[in-house]
Amino acid sequence: MRVAAIDVGSNSTRLLVADVEKTGIVPVCTGLKTTRLGQGITGGRLVAAAMGRTISAVCDFLRQADRAGARKKVLAATSAVRDAANREDFVNAVRSATGEQLVVLPGTEEARLSYLGVTAALGEVRDAVVIDIGGGSTEFIWSGNGETRCLSVKAGAVRMTEGGYGRGQVTAAIGPALRAVNRDRPGDVIGVGGTVTTLAAMAQELRCYDPNKVHGFRLTREMVDSLFQKLCDLPVAERKKLPGLQPERADIIPAGAWILSRILHGLAKGSVLVSEADILYGLALEAAAAGKMSK
């Protein structure tokens, strides 16, 4: 079944149109627009300009999905909308503009869908911990005592940057989650989300983003720490020139890199395995399952 999934995140709005088959997910087309819906996130409300940018991107992606022949569509929002006092205003505005329902995901559901997306691409991840560093939050998903555990922490690249959080504050924010994960002695670390894929592209100095070179890349802790220091040493204007870094992400990438660094140090892991498959893949699978049930 050909489906379309749209992820309305705190920093970007993304599209995946894919054929969901018995053998896996085959991407047909993708899209990404930096809409920064989390602008002013620490104020507790979505701002009008950010909502307008995001709704425009969603409308454009829905048109792309229709042209690509998607039979089922799913729209999901994460941290920025989840935590906003005016979330219902935004949900209603999306419905009015598109005729589609925007689902606001709880943190644990966001984590579950990210995990589902990773396993769809990488298979059984056994005792690995999956981390999803987003704009507004970071999700941890791992196995313990035979069950899947999920934690969502309000520490993301946009939130930490906009709030002016220092390194110590970020470390303290994710500390309880790291202690919970460590109790179950996880194996590998698998990373998804814009921060992780961007750092993988930067480590390889990719002047043109290549998902095939990013997916499955092993990003070492030393690479992360080195990139973090390099980013901190450069003003935003100079960061924008770095290979592998989208200029729109230049202001928030240091915060994301610091979160990843603290996770790797806190879990005593030497590297993270980068996955291009993330919550969009999980949403596509859910859309396909819902489409089959509605027949």
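The values are calculated or read from the model by the stated rules, or taken from the named source; none is laboratory data. Small disclaimer: the values here were computed from a predicted structure and weren't measured. Here the Cβ is made from the backbone with ideal geometry for all residues, glycine too, and neighbour counts use every protein chain on show.
A few comments on the model shown:
- The residue list ASP89, ASP66, ASP83 contains one member that is more than 15 Å from the chain's Cα centre (by Cα), under 23 Å from ALA288 (Cβ atoms) and in the same structural domain as CYS29 (by TED's automatic domain parsing), which is ASP66.
- Considering (1) surrounded by fewer than 18 Cβ atoms within 10 Å (Cβ to Cβ); (2) without any contact (Cβ under 8 Å) to a residue 24 or more places away in the chain, the lone condition that THR119 does not fulfil carries the number (1).
- Residues in region 12-61 that are small (Gly, Ala, Ser) and buried (at least 19 other Cβ atoms within 10 Å of the Cβ): SER12, ALA18, GLY38, ALA50, ALA57.
- Members of region 178-205 that are charged (D, E, K, R) and under 25 Å from SER79 (Cα atoms): ARG179
- Verdict on ALA5 being touching a residue at least 40 places away in the same chain (Cβ under 8 Å) and part of a helix (DSSP H, G or I): no
- Long-range neighbours under 9 Å by Cβ, at least six apart or interchain, first residue at positive phi within region 19-30, second among the basic types (Lys, Arg) and surrounded by 15 or more Cβ atoms within 10 Å (Cβ to Cβ): none
Conditions (1) free of Cβ contacts under 8 Å to residues at least 24 places away in the same chain; (2) in contact with a His (Cβ under 6 Å, 6 or more places away or on another chain); (3) crowded, with 16+ Cβ neighbours inside 10 Å; (4) hydrophobic (A, V, I, L, M, F, W, C), marked per residue:
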{"position": "THR198", "(1), (2), (3), (4)": "no, no, yes, no"}
{"position": "CYS208", "(1), (2), (3), (4)": "yes, no, no, yes"}
{"position": "ARG221", "(1), (2), (3), (4)": "no, no, yes, no"}
{"position": "VAL224", "(1), (2), (3), (4)": "no, no, yes, yes"}
{"position": "LYS230", "(1), (2), (3), (4)": "yes, no, no, no"}
{"position": "ASP233", "(1), (2), (3), (4)": "yes, no, no, no"}
{"position": "VAL236", "(1), (2), (3), (4)": "yes, no, no, yes"}
{"position": "GLY244", "(1), (2), (3), (4)": "no, no, yes, no"}
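- Of all residues in region 156-190, those that are acidic (Asp, Glu) and assigned to a helix (DSSP H, G or I) total 1.
- Output for region 122-146, where each listed residue is free of Cβ contacts under 8 Å to residues at least 40 places away in the same chain, surrounded by fewer than 20 Cβ atoms within 10 Å (Cβ to Cβ) and closer than 17 Å to ASN182 by Cβ: ASN145
- Given (1) surrounded by fewer than 19 Cβ atoms within 10 Å (Cβ to Cβ); (2) within 20 Å of GLU162 (Cα to Cα); (3) not polar (S, T, N, Q), number of the condition HIS265 does not satisfy: (2)
- Complete set of residues in region 8-63 that are among the acidic types (Asp, Glu) and in a helix (DSSP H, G or I): ASP60
- Residues that are in contact with a strand residue (DSSP E or B) (Cβ under 9 Å, 6 or more places away or on another chain) and farther than 14 Å from SER143 by Cβ within region 110-129 comprise GLU110, LEU113, SER114, GLY117, ALA120, ALA121, LEU122, listed in sequence order.
- Within the set PHE90, PHE61, the sole residue that is farther than 18 Å from LEU105 by Cα and at pLDDT 95 or above turns out to be PHE61.
- Single residue of LYS22, LYS33 found to be more than 19 Å from VAL153 (Cα to Cα) and either assigned by TED's automatic domain parsing to the domain that holds PRO211 or at pLDDT below 95 (or both): LYS22
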